[in-house]
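The values are calculated or read from the model by the stated rules, or taken from the named source; none is laboratory data. No experiment lies behind these values; they were computed from the predicted model shown. Cβ placement follows ideal geometry from the backbone for every residue including glycine, while neighbour counts extend to all protein chains displayed. Only protein heavy atoms, including side chains, enter the accessible area calculation; ligands, DNA and RNA are left aside. Shrake-Rupley method; radii C 1.70, N 1.55, O 1.52, S 1.80 Å.
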Amino acid sequence: MATTKDIYAAHKKEYGENPKVVISTPGRFHLMGEHSCWFFKDKTLSMAINIPVYVAVSLRDDTALKFHFVQLKERKKADISNLKVKKEDRWANILKAVVYGYISSGIELKGMDFTVYSEILPSAGFGITSAIKAGTALAIKKAQKINLEDSQLLQVLDRGNRLFLKTRNLIADNFAALYSEPNSMILTDYGKQTYENIPFDFSGYKILLTDAKVPRFSIWNEDEIREPEHALLLGDLKERKKGIPGGWVYDTNPTNVNEMLSVVSEDMRQKLLYIIHEHGMILDALDGIKKGKFTKFARAVNNSHKLLQENYKLSCPEIDWILKRVGELEPNLVDIREPVTCGRITGKGFGRCLYAIIRDSDEEVYRKKLDEYSRIFGFEAETFEVKPAKGAHQVRLS
């Protein structure tokens, strides 16, 4: 595990001086609600985790930008006066996007030297790309002593994503990277553009994040569901309800739902049903967390994965095999209405990552099952035990 001393040493070795600022930003995974919930103004439940990304910055006397990614052993350069997305720059484009977010907002910047230090590479997922962006944004703010409110810092990230990288700006990613608290999950409400940290304290359990190493590809284009007419259909099924996060629920009466969705194809109806039911699963998971009822939380997680399999068509045999083994850790396989384990695929696309939350006593069995998985499928799965972590913050040499 890297130390603050390692980060300072890497920057000084590259640029000849200690960094002015070093920011540590957590990795992240989404537990539920990452698929199109932003489009339908719904909610996403996420967890920042103790897989840190470090961004170190020192200032220059010119307008040059230099980037060094320690683990990749790569160096890139650019200039504030001529920022462009370059295919060969890959990871450096992420940092350039944040610089662009500042200067396109009318903020003058000095040149900078950057060091990125991450033992998990962006290609693995786990929110590493979002962590680099958020860490870079905060590092620039502090190094250049820019007076920005939280809302303005979020606008910097928004402009960098949308205008420079031409990608969606997902506020759940930004909120988790910047504002998460230890021992908590974070709930993003896209309808209200707000977040809430919710204490997560299930003693006796481990959170295991597994990269199944399955090649990533998409079996259907998720943009198909993101059409205005689909948002209007689901909007007509929304009902106000007091006392719950967001203040509304979907009408799940089968007659009403079937009538509303009768105008779309059967395939699209199934996907929209996933969006409807995922909303309910998130509310159930939140209720379980807040009341300390692990079984209710676990049922919601397991049902969410089942919905992704059956309705949204977003899983794969390898992930399903591992999660079936998670289910087999239950002490009573005949009746699992009160589960003590749970797991789900996680990520934006047809993926290779999953999380499992299991009892401490089941970890050894789970890891042995992953060895079996490797023999069967030929992919060497990698598992990390993770814990909820603090959002982006400055670290210093002691």
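Details
- Considering only T44, C353, L72, the residue lying farthest towards the positive end of the dipole of the chain is L72, judged by Cα position with unit charges set on Cβ.
- Extension reserve of the K291-E17 stretch, reckoned as 0.36 nm per residue once the Cα distance is removed: 93.6 nm
- 11 Å beta-carbon shell around N174, net charge (K/R +1, D/E -1): -1
- Among residues other than N161 with Cβ under 10 Å from its Cβ, the summed charge is +3 (Lys and Arg +1, Asp and Glu -1).
- DSSP beta bridges confined to the chain are antiparallel in about 90 percent of cases.
- Simple label model, 7 Å out from Cα along Cβ direction - R75 to N258, nm: 6.7
- Of the solvent-accessible surface of segment 188-308, computed with a 1.4 Å probe over protein heavy atoms with every protein chain present, carbon and sulfur atoms account for 49 percent.
- Seen against the Cα atoms of the chain and their longest principal axis, helix 317-327 is set at about 70 degrees.
- Once the Cβ-Cβ distance of R375 and K84 is raised to the sixth power relative to R0 = 51 Å, the FRET efficiency obtained is 0.65.
- Annotation note: GluC sites (Glu not before Pro) in segment 1-106 located in DSSP loop regions with a Cβ neighbour count of at most 14 within 10 Å are E17.
- Each Cα pair under 8 Å and six or more residues apart adds its separation to the average, and for segment 129-196 the resulting relative contact order is 26 percent.
- Along the chain, longest interval not containing exposed chymotrypsin sites (Phe, Trp or Tyr not before Pro), exposed being DSSP loop plus at most 14 other Cβ atoms within 10 Å: 1-216
- Within the shell of other residues whose beta carbon sits under 11 angstrom from the beta carbon of K133, the net charge comes to -1, with Lys and Arg scored +1 and Asp and Glu -1.
- Simple Cβ-charge dipole of segment 114-269, Lys/Arg +1 and Asp/Glu -1, about Cα centre, in debye nearest 20: 720
- Shape category assigned to segment 222-284 from the gyration tensor of Cα positions, a/c cut at 1.5: prolate
- Ligands, DNA and RNA are left out, and with a 1.4 angstrom probe the accessible area of segment 275-398 is 46 Å² per residue.
- Rg then Dmax, both in Å and based on the Cα atoms of segment 80-233: 17.6, 54.
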